[in-house]
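The values are calculated or read from the model by the stated rules, or taken from the named source; none is laboratory data. Values in this document were obtained by computation on a predicted structure and should not be read as measured data. Every residue, glycine among them, receives a Cβ derived from its backbone with ideal geometry; neighbour counts consider all protein chains shown.
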Amino acid sequence: MLYTLSQWWPLIPVAIFAWYWLTAVKVKELAFQAAARRCNMENVQLLDDSIALKGIEFQRAGNGNMGLRREFAFEFTSTGNHRYQGWVIMQGSRNVSVELPPHRLQ
């Protein structure tokens, strides 16, 4: 049976959504790993074993290509008494920065 383009057309948005979703899951995992590494380096505890997407936008990367810039937030503690919020910035699937605000040392 031969299919025409009009029969395949409805599948294009589904394929785009599936591609975006799989990419987003991968980038979120990479951001979580970056946050966990930074918390380990700073001797603080990453709380809740989670990271949350706070923002997404199109932005030009250092190489001139357009891509998605995602900002993730996570919480950590240094003493066990106070929660602090840190951020991970991802450009595509590349970690741009992991930032921890000033916090108490143990």
**OP:** Sort out which residues of the stretch 49-97 are surrounded by 11 or more Cβ atoms within 10 Å (Cβ to Cβ) and either in contact with a Pro (Cβ under 8 Å, 6 or more places away or on another chain) or among the aromatic types (Phe, Trp, Tyr) (or both), and write them in order of number.
**Re:** Phe72, Phe74, Phe76, Tyr84, Gln85, Gly86, Trp87
**OP:** Collect the residues in the stretch 12-64 that are under 15 Å from the mean Cα position of the chain (by Cα), of a type in the set (A, V, I, L, M) and part of a strand (DSSP E or B), keeping them in residue-number order.
**Re:** Ala52, Leu53, Ile56
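Being modelled with pLDDT of 95 or more and polar (S, T, N, Q): is that true of Gln106 here? Walk me through how you get there before you give the answer.
Working: modelled with pLDDT of 95 or more: no; polar (S, T, N, Q): yes.
Against the criterion (modelled with pLDDT of 95 or more and polar (S, T, N, Q)), Gln106 does not qualify.
Kindly evaluate Val25 against the criterion of being more than 29 Å from Leu100 (Cβ to Cβ), surrounded by fewer than 14 Cβ atoms within 10 Å (Cβ to Cβ) and among the β-branched types (Val, Ile, Thr).
Values: more than 29 Å from Leu100 (Cβ to Cβ): no; surrounded by fewer than 14 Cβ atoms within 10 Å (Cβ to Cβ): yes; among the β-branched types (Val, Ile, Thr): yes.
No; evaluated as a whole, the condition is false for this residue.
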Original post:
If the Cβ limit is 9 Å and pairs must be 6+ apart or interchain, which residue in the stretch 59-85 that is farther than 21 Å from Phe32 by Cβ pairs with which residue that is among the aromatic types (Phe, Trp, Tyr) and loosely packed, with under 11 Cβ neighbours inside 10 Å?
Top reply: Met66/Phe58
